[in-house]
Structure formats: C-alpha cells, structure tokens
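These notes concern the structure reproduced below.
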Amino acid sequence: MRIGVIGGGAWGTALAQVAARGGKAVTLWAREDDVVAAINDTHENSLFLRGVQLSDTIRATGDLAALNDCDAILVVAPAQHVRAVLTAADTGAIPLVLCAKGIEAGTRMLVGEVAREAAPHAPIAVLSGPTFAHEVAAGQPTAVTLACADTALRDALSARLASPAFRPYASSDVVGAEIGGAVKNVLAIACGVVEGAGLGLNARAALIARGFAEMTRFGLAKGARAETLAGLSGLGDLVLTCSSTNSRNFSLGVGLGQGIAAEGLLANRQTVAEGAHTAPVLRDAAEAIGVDMPVVAAVCDLLAGADVREIVSRLLSRPLRAEV
Ligand SMILES: NC(=O)C1=CN([C@@H]2O[C@H](COP(=O)(O)OP(=O)(O)OC[C@H]3O[C@@H](n4cnc5c(N)ncnc54)[C@H](O)[C@@H]3O)[C@@H](O)[C@H]2O)C=CC1
Ligand SMILES: O=C(CO)COP(=O)(O)O
C-alpha cells in the first residue's frame, strides 16, 4: 500500500515517518516550499518538527498531483483547510484517512462530512487518539483509534501503519472518533486556563470529568457511540491534551488564564491551535440541537475577551445538579 500525506505540519510529518518505517516510500505534500526543500535536502522538517531525523524514503512535494498514484492518503491539513486542499488535490476514489481534529466554521461540518463533499468517491477512515507528534516521530509507544466502516480497508490500513510503537485499535464509529478529537481541543483550552489562573489540580480534574460529560452529551446526540468517546480518541486524547504544555491548545489556555488577550496569543502563529477555531462552531452546533456545553461556552467567552474571574465565578455558581 503506497501512502501519501497531505500536510507537512508536525502531525503530517510524524505520520509520514510512521508510514515510512521499514524503508517504505512515502510521498508528503507540504504547502511551504521551504518545508519541501528541507525534507528532501536535509531529511528534517525544521519549520514544524525540528530535531527529528526523518527517513530518507519520505519524498516531499509541492505538487498535489504527485499523490495520484497512492493507494491511500493521510489528510493532515488543519480542519479549516481540509475542504480547499481536497478540492485542489482531486484524488478521485483513493481512500482518505482523516487526521485533522476540528469542525469546519460556517458549515458546522465534521471533517468527515467535509471530505464526503469535497471527495465524494473516496472511502473515508479517521485516525485519532492521544498523539503528540514529537513522541510519535521519536518512536515512543502510542495507540490510536482507526475508524472506518469498511472493515477490509480498515484492516489493510492498520496493517500498513502498525508497528510495536504505533498500535491502531479498530473501530467502525467514524463520527465518534471525530467528535472526541474535535471537542477535546476546546476542553484543553479550558484546562490550560485553570493552570494559567492558578486554580489548582482539583479544578483541573473536575474540568476533565465535566468536560468529558459535555463531550459525551454532544457525541451521543450526533450518533457517536459511548465506548468510542470513552476510548483513545475521546477520553484518552482529552487526558493527554489537558495535562501538558506540549499541547498547543492547553498552552493557549494557560495564556488566557494569565490574563493575556486571545488576539495576541493567536496573532502571527505558525502552528495551529484547533480548539480556538472549533469552540464557537461547537457551541453553536450544540445549541442548535439543545445540548448543554457550559465549559465550551466559557472557552468561547474567554476567546472573545471575557474576564477570567468572571467566567470562573459564572461556572461555579451554576445551579447544583445531579452528576449524571
Ligand atoms: N501536532 C500534533 O501533535 C497533532 C496534531 N493533530 C491535528 O493535525 C492537524 C494538523 O496539525 P499540525 O500538523 O500539528 O499542524 P502544525 O501546527 O504543525 O502546522 C500548521 C499546518 O497548517 C498548514 N496550513 C496553514 N495554512 C494553511 C492553508 N491555508 N491551507 C492548508 N494548510 C495550511 C501548514 O502548512 C502546516 O502544515 C490539526 O487538525 C491538529 O489538530 C492531531 C494529532 C496530533
Ligand atoms: O491532538 C493532539 C494530541 O493528541 C495535539 O494537541 P494540540 O493540538 O493541543 O497540541
């Protein structure tokens, strides 16, 4: 199975490295000419994944047509750009493995729904889970959810990507795998705020648990399965991203919690904090189907400039209620 990758950020590059293990050829499309040149000339993506020596069987290209002879393509552009790159790539019926975590602004579509519109003939799979790119690229042990309705395709992709250090767990719940990854980014911002504002570890644990309740309410309403949300792509990724400043979303929250305005934190950044884009879309999507997501709403208000203390006191003064 010849693998192509769309997206030369940290995660696309790390996944190219996964696919290249054992000396297999991988074609990686990157948007930036200097990323293409650096990968081909020095086998390092010095812009997005500095310090990782990449396999010399990864060939980078700036030409999307170079992916047309692949047997499967990992789509690793940020969620807001997936529609544009898939439309431009025009890869026909080549299976797409969606690896971005987010919801498209404007349409409120999950990336899978976007892909079905932009590439209507392509079989769709979703790869998601607790995966900091640097650790994966360094070969540290990692497990992911690989969701696809077509079991033969899922098994072929799993066999192609698996190694002792990279374990895909199979699922048929594509929507569930997507929702976990999209929602946890917003909740990670909230946990970062708790850290930045010095509210303590009890508060962070409470936020992870209540955030997971929000993820579950929204996911079930959208047709996800509870066990997917409690698995690697949901709770697993939530715990990872809410625990470390290695997370861009958590770090953004730390800044907000310290009272720094979102505008400044988000200006001129090269790396993506998906939760900032997902938060308002998720809040609107949840409101539209009557799902209560107070933590997500709080993150939206903080991103829009609300005062941290006011938002915290609003959350803490909500009426007491049953846990479940
Ligand atoms: N970095 C990580 O550890 C992980 C990231 N992800 C997800 O992977 C997706 C990509 O993230 P990263 O690789 O981390 O990105 P990154 O933050 O390392 O790099 C930014 C990426 O955005 C691309 N980009 C910027 N403007 C663009 C445009 N107009 N059109 C197309 N692409 C554009 C850049 O070319 C670059 O590839 C995100 O959805 C993220 O949530 C998922 C798992 C782990
Ligand atoms: O998705 C991730 C880990 O699974 C990466 O999280 P951040 O985008 O917050 O860095």
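The values are calculated or read from the model by the stated rules, or taken from the named source; none is laboratory data. Just so we're clear, the structure is a prediction, and the values are computed from it rather than from any experiment. Glycine also receives a Cβ, built like all others from the backbone with ideal geometry; neighbour counts cover every protein chain displayed.
Answer with yes or no whether T87 is within 21 Å of G112 (Cβ to Cβ), exposed (fewer than 15 other Cβ atoms within 10 Å of the Cβ) and β-branched (V, I, T). In short, yes. Filtered by the rule that a residue be within 16 Å of ligand 1 (Cβ to nearest atom), assigned to a helix (DSSP H, G or I) and more than 16 Å from L110 (Cα to Cα), segment 227-237 gives L232, L235, G236, D237. For segment 259-280, residues that are hydroxyl-bearing (S, T, Y) and over 22 Å from V312 (Cα atoms) total 1. Residue-level check: of (1) within 17 Å of A276 (Cα to Cα); (2) within 16 Å of ligand 1 (Cβ to nearest atom), L256 misses just (2).
Checked against (1) under 14 Å from the mean Cα position of the chain (by Cα); (2) exposed (fewer than 15 other Cβ atoms within 10 Å of the Cβ), A182 passes all but condition (2). Just the residues that are within 16 Å of ligand 2 (Cβ to nearest atom) and of a type in the set (A, V, I, L, M), please, taken from segment 3-46. Correct list: A10, A14, L15, V18. Of the helices (runs of 4 or more DSSP H) lying entirely inside segment 120-226, those containing at least 1 residues that are assigned by TED's automatic domain parsing to the domain that holds D237 and aromatic (F, W, Y) are 201-221. Please verify whether L240 is within 13 Å of ligand 1 (Cβ to nearest atom) and either within 18 Å of G180 (Cβ to Cβ) or not assigned by TED's automatic domain parsing to the domain that holds R108 (or both), treating the condition exactly as stated. Yes.
Per-residue answers, yes or no, for (1) at pLDDT below 95; (2) of a type outside the set (S, T, N, Q); (3) over 22 Å from the mean Cα position of the chain (by Cα):
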residue	(1), (2), (3)
A25	no, yes, yes
D34	no, yes, yes
N40	no, no, yes
V52	no, yes, no
D56	no, yes, yes
D71	no, yes, yes
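For segment 73-84, taking the residues that are of a type in the set (V, I, T) and either under 25 Å from A138 (Cα atoms) or over 22 Å from the mean Cα position of the chain (by Cα) (or both), the one that is nearest to ligand 1 (Cβ to nearest atom) is identified as V76.
Out of the residues in segment 238-255 that are outside any loop (DSSP other than H, G, I, E, B) and more than 9 Å from ligand 2 (Cβ to nearest atom), state the one that is surrounded by the fewest Cβ atoms within 10 Å (Cβ to Cβ). Taking the candidates together, the pick is V239.
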